[in-house]
Ligand code: ATP
Ligand code: AMO
């Protein structure tokens, strides 16, 4: 046997063929002294290998050796492909390998948990515990402390394939619409969003920050006559929030574009882009969606082909009508956002919608006020299942007003002087938006915690692995 066969390629067509595979020992089960079963896993795919004592090929000693292997060791198996008479449960491949040779390439120590346990849903755990089975319930900190092991479950393989696909669709859609991909600096002079959530550092003797967003530079690209731009890149927030949806570092999906007349042109792009993302994921990622759903059951996202848009005033009125107190000129808190999501679902049948025309006072300094009523703004947030995934707006392009707003929002003008100058040098009407990749994936999949959709999450308590 010379060439290695992928576990994924092991099908009925290879019956009686001699193959060599390499993978992790997912489970090891020994029956008496003459037989051992090893399920070999190669990332997503699994196959059962059977070592039975046979005069010429498999000795008792070899069965004993197999029995002594540790789970998650990397092994090479050579043998014949056979088709079992009964359906094999718990493996992706429906053939078996009758082992002739088995080598251990890399022996794993006893790990903090095994993949079988880590892959169980809550319902499966309850059922197993009731049946008196001994198992380890793997909590979130243990998973994140041992992320390299945790990532091996099918649900996690699915989550990060879906995350990769969201980035691909985002990029493909925007390129096809004539946008240009840009890469803005992450070391900048000061806060780009305002507020205290910023990491400061020393830049060769000069005070500096890790970029809180690509906001200023994506706008400066528009000043540089890049008519429409996007970026997929890291965003740093010195959040003190230990919530299920805040990270200290996340991946921003940012867009900035010229507009002709109205900020609705930006919302048009958001709507078409996200309907494309959802539709494509539902088509191309079925296997991954099923794997996530097996461990973390969820209902598919309900969305309309024409994305619903409500004004902030309409949303606030819906909450009031439902008996909630709402500050008409304040922001919605997390609870109100959730409640509104529920009301919108009941009334309009969608879990994806845009809320626009927010009070100006709750938006960042660079937001354009509404021309008919400057207490409101040409801005919007976008929600999935009652939680924010996007903020966006038309930008203030009048330098004097921009400076005034920045000052009022407590931004140190000297840290944004080159940005203000760029706006002063002449820029057309423009707007854009930013989404958080981890939030998009978390909420599309109905997951309960953003740490599940961040490969190596950074939160106020976690800087490793
Ligand atoms: P944006 O910055 O665009 O508003 P966001 O979703 O990060 O996006 P924040 O402004 O950070 O929102 O916070 C919005 C809401 O999240 C707050 O009104 C508050 O209700 C809630 N929130 C933030 N931090 C915490 C926390 N530590 N505990 C509970 N709730 C929090
Ligand atoms: P905002 O601050 O609302 O807007 O951020 C945009 C989107 O980024 C995500 N997000 C986060 N994800 C994880 N952890 C966090 N701590 C976190 N904070 C925000 C959310 C949010 O909707 N410059 C503007 C965007 C624009 O107007 O273009 C901005 O940064 O999904």
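The values are calculated or read from the model by the stated rules, or taken from the named source; none is laboratory data. Model, not experiment: these values are computed from the prediction. Cβ sites come from the backbone with ideal geometry, for glycine too, and all protein chains shown count toward neighbours.
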When region 225-252 is checked residue by residue, the ones that are more than 10 Å from ligand 1 (Cβ to nearest atom), within 12 Å of residue 458 (Cα to Cα) and more than 18 Å from the chain's Cα centre (by Cα) are 238
Quick one: would you say residue 163 is within 24 Å of the chain's Cα centre (by Cα) and within 14 Å of ligand 2 (Cβ to nearest atom)? yes
Being within 23 Å of residue 232 (Cα to Cα) and not in a loop (DSSP other than H, G, I, E, B) narrows 381, 421 down to just 381
Within region 228-237, residues out of contact with any helix residue (DSSP H, G or I) (no Cβ under 6 Å at 6 or more places or on another chain) and either at pLDDT below 95 or part of a strand (DSSP E or B) (or both) come out as 228, 231, 233, 234, 235, 236
Just to be sure I understand, how many residues within region 68-81 are outside any strand (DSSP E or B) and buried (at least 16 other Cβ atoms within 10 Å of the Cβ)? 4
Test set (1) touching a strand residue (DSSP E or B) at 6+ places or on another chain (Cβ under 8 Å); (2) surrounded by fewer than 16 Cβ atoms within 10 Å (Cβ to Cβ); (3) under 28 Å from residue 51 (Cα atoms); (4) modelled with pLDDT of 95 or more - residue 109 fails condition number: (1)
Any idea which of (1) in contact (Cβ under 8 Å) with a residue 24 or more places away in the chain; (2) closer than 21 Å to residue 58 by Cβ; (3) surrounded by fewer than 15 Cβ atoms within 10 Å (Cβ to Cβ) is the one residue 85 doesn't satisfy? (1)
Screening 371, 397 for residues that are over 23 Å from residue 334 (Cα atoms), assigned to a loop (DSSP other than H, G, I, E, B) and either within 15 Å of ligand 1 (Cβ to nearest atom) or in contact with a strand residue (DSSP E or B) (Cβ under 8 Å, 6 or more places away or on another chain) (or both) leaves only 397
Residues of region 253-287 that turn out to be touching a helix residue (DSSP H, G or I) at 6+ places or on another chain (Cβ under 8 Å) and within 16 Å of ligand 1 (Cβ to nearest atom), as a count: 3
Out of all the residues in region 341-370, which are more than 28 Å from the chain's Cα centre (by Cα) and within 18 Å of residue 322 (Cα to Cα)? 347
Which number in (1) assigned to a loop (DSSP other than H, G, I, E, B); (2) surrounded by 18 or more Cβ atoms within 10 Å (Cβ to Cβ); (3) away from ligand 2 (no atom under 15 Å from the Cβ) marks the one condition that residue 365 misses? (3)
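I'd like the full set of residues that are in a strand (DSSP E or B) and under 24 Å from residue 277 (Cα atoms), limited to region 343-362.
Applying the first criterion (in a strand (DSSP E or B)) to region 343-362 yields 352-356, 359.
Of everything in region 343-362, those that are in a strand (DSSP E or B) and under 24 Å from residue 277 (Cα atoms) turn out to be 352, 353, 354, 355, 356.
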Every residue from region 52-64 that is surrounded by fewer than 18 Cβ atoms within 10 Å (Cβ to Cβ) and closer than 15 Å to residue 39 by Cα: 52
